[in-house]
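Chemist: First the structure, then my questions, so here it is.
The values are calculated or read from the model by the stated rules, or taken from the named source; none is laboratory data. These figures come from a predicted structure and were not determined experimentally. Don't worry about glycine lacking a Cβ; one is built from the backbone with ideal geometry, like all the others, and counts go over all protein chains shown.
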Amino acid sequence: MQHRGTKILETERLLLRPWRESDAEEAFAHWMNDPEVTKFLTWTPHGDVSVTRALLKTWEEEYKSPLCYHWAIVLRKENALIGDITVMGTDEFQESGEIGYCMGKAWWGKGIMTEALSEVLAYCFEEVGFYRINGRHAKQNIGSARVMEKCGLVYEGTRRNFFRLPSTGERVDIVERGILREDHFRTLS
Ligand SMILES: CC(C)(COP(=O)(O)OP(=O)(O)OC[C@H]1O[C@@H](n2cnc3c(N)ncnc32)[C@H](O)[C@@H]1OP(=O)(O)O)[C@@H](O)C(=O)NCCC(=O)NCCS
């Protein structure tokens, strides 16, 4: 792989760029304080913007590694910070990583995460040279399932009661998906 880290990416509507600590207020107000956004996530809403600021400080530190792939999603026209997308757990030998994303409720259902994920996948396969990108989501998280499907992450199985949601304590099935390098290049040809 040719690691290039969190290179700035652009799509028709979006700018994907590295996080900075000064993003805290906007990220907190737009989604990090929202229990609806975190309903199926591994973390709970931030009670105070200081929690967001401390988190973003650790994210900024992570850019010291060229294996860090983590973007803030910005709407170009409005210059609004609306979400987060990352490739986590990059494994050099496996040439793999796992996608993660979330976004403020006000911007759901407009195809935005599909646009962001498509661009990130193109970068991962075409420029960095990943072999496989994994994705997983709670079975009930239909929106996330659709985003992954639309971006070519195929269904590979369901782990029964694999995860306990921090939001409710409920145990949920986790759906496993993945896209391979050859899948990506097949869709281009
Ligand atoms: C999941 C999430 C990223 C989706 O982002 P988005 O920009 O709204 O996604 P898109 O608009 O690109 O696509 C969503 C698709 O799901 C569909 N969808 C969303 N909720 C749905 C529901 N409850 N039932 C059926 N379809 C639903 C939309 O209709 C759309 O499909 P379509 O294009 O076929 O019409 C966003 O809802 C979010 O941030 N959720 C909270 C965080 C989260 O769950 N992250 C994922 C963790 S695995």
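Chemist: For GLU78, are the conditions met, namely being surrounded by fewer than 16 Cβ atoms within 10 Å (Cβ to Cβ) and more than 22 Å from GLU21 (Cβ to Cβ)?
Modeler: Against the criterion (surrounded by fewer than 16 Cβ atoms within 10 Å (Cβ to Cβ) and more than 22 Å from GLU21 (Cβ to Cβ)), GLU78 does not qualify.
Chemist: Which numbered condition in (1) within 17 Å of the chain's Cα centre (by Cα); (2) at negative phi; (3) assigned to a loop (DSSP other than H, G, I, E, B); (4) more than 11 Å from the ligand (Cβ to nearest atom) is the only one that THR42 fails?
Modeler: Status for THR42: all satisfied but (4).
Chemist: A further question on this structure: Of the conditions (1) away from the ligand (no atom under 13 Å from the Cβ); (2) closer than 30 Å to LEU180 by Cα; (3) modelled with pLDDT of 95 or more; (4) in a loop (DSSP other than H, G, I, E, B), VAL37 satisfies every one except a single condition; which number is it?
Modeler: It fails just one condition, (1).
Chemist: Cβ-Cβ below 6 Å, separation at least six or inter-chain, first residue in segment 46-61 and touching a residue at least 12 places away in the same chain (Cβ under 8 Å), second surrounded by 13 or more Cβ atoms within 10 Å (Cβ to Cβ) and of a type in the set (Val, Ile, Thr): which pairs?
Modeler: Listed pairs, sorted by first residue: HIS46/THR52.
Chemist: Which fully enclosed strands (runs of 3 or more DSSP E) of segment 71-189 have 1 or more residues being within 14 Å of the ligand (Cβ to nearest atom), over 24 Å from THR52 (Cα atoms) and not polar (S, T, N, Q)?
Modeler: Qualifying strands (runs of 3 or more DSSP E): 132-138, 154-164, 171-180.
Chemist: For GLY157, only one of the following conditions fails: (1) in contact with a strand residue (DSSP E or B) (Cβ under 7 Å, 6 or more places away or on another chain); (2) crowded, with 16+ Cβ neighbours inside 10 Å. What is its number?
Modeler: So GLY157 meets the others, but not (2).
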